[in-house]
Amino acid sequence: MAKAKYNLQRVFRKLVLDFQRCSLIPSMYRYKVLKLAGIKIHGKPFIGQDVIFDSMAPENIEIEDGARITMRSIILTHFYNPNGQEKYPIGKVHIGRFAFIGANSVICKPVSIGDYSTVGAGAVVTKDIPPRQIWGGYQPAS
């Protein structure tokens with residue numbers, strides 16, 4: 001019974017995450033729909049059109065007030081680990097207050113993006129970004 005409830009919850013979250021990508025929902029209200037999927041949202045962030053949120057563990061994503069995530073960005077809570085015991089480890093993604101995530105950016109590991117930081121368009125984020133930093137391009141994991 002518990003497994004069936006868990007599967008229904010995953011299906012519901014996946015449907016909500018797919019629905020929020022719809023262009024009919026104004027970007028300024030999209031965060032309200034994302035709360036239904038389990039994403040922890042504080043205040044009123046801006047979520048652009050066609051942003052993809054990981055459906056494996058959306059509850060591990062936290063977005064602070066004033067953050068701006070622009071169109072077609074991807075936020076993943078899991079990644080592929082070829083050498084580990086666990087092939088797809090899951091971690092937390094935290095986007096700080098008034099952080100800016102540029103268009104087509106990919107956040108693909110458990111990371112924290114600091115308050116007032118900027119991630120340039122098309123960037124691939126694989127490690128933490130301190131507050132008030134501007135990062136762009138590909139930043140290899142250390």
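The values are calculated or read from the model by the stated rules, or taken from the named source; none is laboratory data. Please read all numbers here as calculations on a predicted model, not as lab measurements. When we count neighbours, we look across all protein chains shown, and the Cβ atoms used for this are built from the backbone with ideal geometry, even at glycine. The accessibility values were calculated without ligands, DNA or RNA, using every heavy atom of the protein model including side chains. Shrake-Rupley method; radii C 1.70, N 1.55, O 1.52, S 1.80 Å.
Averaged per residue, what accessible surface does the chain expose to a 1.4 Å probe, in Å²? Could you put the intermediate results ahead of the total?
Details: 7910 Å² over 142 residues.
With all protein chains present, the chain gives 56 Å² per residue.
Just to be sure I understand: with springs between alpha-carbon atoms less than 10 Å apart, which residue in Tyr116, Tyr88, Tyr29 has the highest mean-square fluctuation in the Gaussian network model of the chain?
Tyr88
Anyone know which of Ile101, Ile74, Ile90 comes out most mobile in the 10 Å Cα GNM of the chain?
Comparing Ile101, Ile74, Ile90 in the GNM, the peak value goes to Ile90.
Given the options Phe53, Phe100, Phe19, which has the most mean-square fluctuation in a GNM of the chain, springs set between C-alpha atoms less than 10 angstrom apart?
For the chain, modelled as a Gaussian network with Cα springs under 10 Å, the answer is Phe19.
Report the label-to-label distance for Phe19 and Lys32 in nanometres (one decimal), using points 7 Å from each Cα along the Cα→Cβ vector.
Placing both labels 7 Å along Cα→Cβ, they lie 1.3 nm apart.
Counting only helical runs of four or more DSSP H residues, what would the 222 nm mean residue ellipticity of the chain come to if each run contributes -39,500 (n - 2.57) and the total is spread over all its residues? All intermediate terms of the calculation are to be shown ahead of the outcome.
Values: 2 runs with 26 residues, N = 142.
The per-residue figure over the chain is -6000 deg cm²/dmol.
Roughly to the nearest percent, how much of the accessible area of the chain is carbon and sulfur, given a 1.4 Å probe?
Answer for the chain: carbon and sulfur cover 59 percent of the accessible area.
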